[in-house]
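J.: I have a structure here, written as structure tokens, and I will follow up with some questions on it.
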Amino acid sequence: MTKTLTFKNEELAAIGNLLGTLSLKNKASRGRTKLIKLVSAKNDEYIEERKDVLEPFIKKDEAGNSVEGDTPGSVVLIEEKQDEATAAINEIDEESAVIEFTEYSEKMKALYDAIVDYSSEFSNQDAMAYDLLMDQLESAFENETEGTK
């Protein structure tokens with residue numbers, strides 16, 4: 001049976017950041033490392049998609065180069081198309097990122113078992129990311145738990 005986790009694209013960075021802060025040992029740590037790699041790959045795809053979608057809305061100079069914004073790495077959008085650009089980005093942000101982890105199922109189960117009663121407290125973005133991650137891990141492993149009862 002295929003095992004997956006599903007997050008919104010805009011949630012990927014927070015999930016990856018949270019995973020990086022957890023103090024884990026052995027198989028749970030290996031599961032975390034595998035999951036970070038999978039989340040990172042999906043996040044890279046998401047960033048590329050955002051760039052591709054924004055391209056038609058970016059203001060260009062006479063040479064055809066993107067006009068840079070005030071902050072490093074940012075660009076200036078064509079003023080008349082800002083609403084359209086925002087709508088396109090919001091659509092990509094809300095799309096589902098499905099992470100298939102069947103081959104790492106044992107390590108993911110160890111990760112789940114290690115963080116289900118994690119002793120440290122979470123706040124703000126980490127608390128929200130923990131809740132999202134746990135919802136997905138619980139869904140992935142609830143059938144196994146029900147099968148052993």
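J.: Please go through (1) in contact with a helix residue (DSSP H, G or I) (Cβ under 7 Å, 6 or more places away or on another chain); (2) not in a helix (DSSP H, G or I) for ALA28 and return the number of the only condition it doesn't satisfy.
T.: For ALA28, the exception is condition (2).
J.: For the range 46-55, check the following and say yes or no: at least one residue is within 11 Å of the chain's Cα centre (by Cα), hydroxyl-bearing (Ser, Thr, Tyr), part of a helix (DSSP H, G or I) and surrounded by 11 or more Cβ atoms within 10 Å (Cβ to Cβ).
T.: Yes, some residue in the range 46-55 is within 11 Å of the chain's Cα centre (by Cα), hydroxyl-bearing (Ser, Thr, Tyr), part of a helix (DSSP H, G or I) and surrounded by 11 or more Cβ atoms within 10 Å (Cβ to Cβ).
J.: Within the range 91-109, take every residue that is assigned to a helix (DSSP H, G or I) and either under 11 Å from ARG50 (Cα atoms) or of a type in the set (D, E, K, R) (or both) and give me the one that is farthest from the chain's Cα centre (by Cα).
T.: Taking the range 91-109 first, the residues assigned to a helix (DSSP H, G or I) are 91-94, 102-109.
Narrowing further to those that are either under 11 Å from ARG50 (Cα atoms) or of a type in the set (D, E, K, R) (or both): 91-94, 103, 106-107, 109.
Values: GLU91: 15, ILE92: 12, ASP93: 10, GLU94: 11, GLU103: 19, GLU106: 21, LYS107: 19, LYS109: 19 Å.
Only one residue fits best here, namely GLU106.
J.: Sticking with this structure for a sec: Got a sec? Which of LEU77, LEU24, LEU54, LEU19 is modelled with pLDDT of 95 or more and of a type outside the set (Ser, Thr, Tyr)?
T.: Checking each option against the conditions leaves just LEU19.
J.: Moving to a separate point now. Counting just the residues of the range 5-45 that are of a type in the set (Ser, Thr, Tyr) and surrounded by 13 or more Cβ atoms within 10 Å (Cβ to Cβ), which one comes out nearest to GLU100 (Cα to Cα)? Before the answer, list the steps.
T.: Restricting attention to the range 5-45, the residues satisfying the condition of being of a type in the set (Ser, Thr, Tyr) are 6, 21, 23, 29, 33, 40.
Applying the additional criterion that residues be surrounded by 13 or more Cβ atoms within 10 Å (Cβ to Cβ) yields 6, 29, 33, 40.
Values: THR6: 9, SER29: 18, THR33: 15, SER40: 13 Å.
Out of the qualifying residues, it is THR6.
J.: Does VAL39 satisfy the criteria of being at pLDDT 95 or above, part of a helix (DSSP H, G or I) and among the aliphatic types (A, V, I, L, M)?
T.: Details: at pLDDT 95 or above: yes; part of a helix (DSSP H, G or I): yes; among the aliphatic types (A, V, I, L, M): yes.
Answer is yes for this residue.
J.: Here's a check for you: in the range 80-106, which residue that is without any contact (Cβ under 8 Å) to a residue 12 or more places away in the chain and more than 30 Å from GLN136 (Cα to Cα) is surrounded by the most Cβ atoms within 10 Å (Cβ to Cβ)?
T.: Looking at residues that are without any contact (Cβ under 8 Å) to a residue 12 or more places away in the chain and more than 30 Å from GLN136 (Cα to Cα), I get ASP83.
J.: If you don't mind, there's one more thing I want to ask. Looking at the range 127-134, can you tell me whether even one residue there is under 28 Å from LYS37 (Cβ atoms), in contact with a Ser or Thr (Cβ under 9 Å, 6 or more places away or on another chain), surrounded by 11 or more Cβ atoms within 10 Å (Cβ to Cβ) and touching a residue at least 40 places away in the same chain (Cβ under 8 Å)?
T.: No, every residue in the range 127-134 fails to be under 28 Å from LYS37 (Cβ atoms), in contact with a Ser or Thr (Cβ under 9 Å, 6 or more places away or on another chain), surrounded by 11 or more Cβ atoms within 10 Å (Cβ to Cβ) and touching a residue at least 40 places away in the same chain (Cβ under 8 Å).
J.: Follow-up question, since we're still on this one. Could you go through the range 67-90 and let me know if any residue there is in contact with a helix residue (DSSP H, G or I) (Cβ under 6 Å, 6 or more places away or on another chain), part of a helix (DSSP H, G or I) and among the hydroxyl-bearing types (Ser, Thr, Tyr).
T.: no
The values are calculated or read from the model by the stated rules, or taken from the named source; none is laboratory data. Since this is a predicted model, take the numbers as computed values, not measurements. Virtual Cβ from ideal backbone geometry, glycine too; neighbours counted across all protein chains shown.
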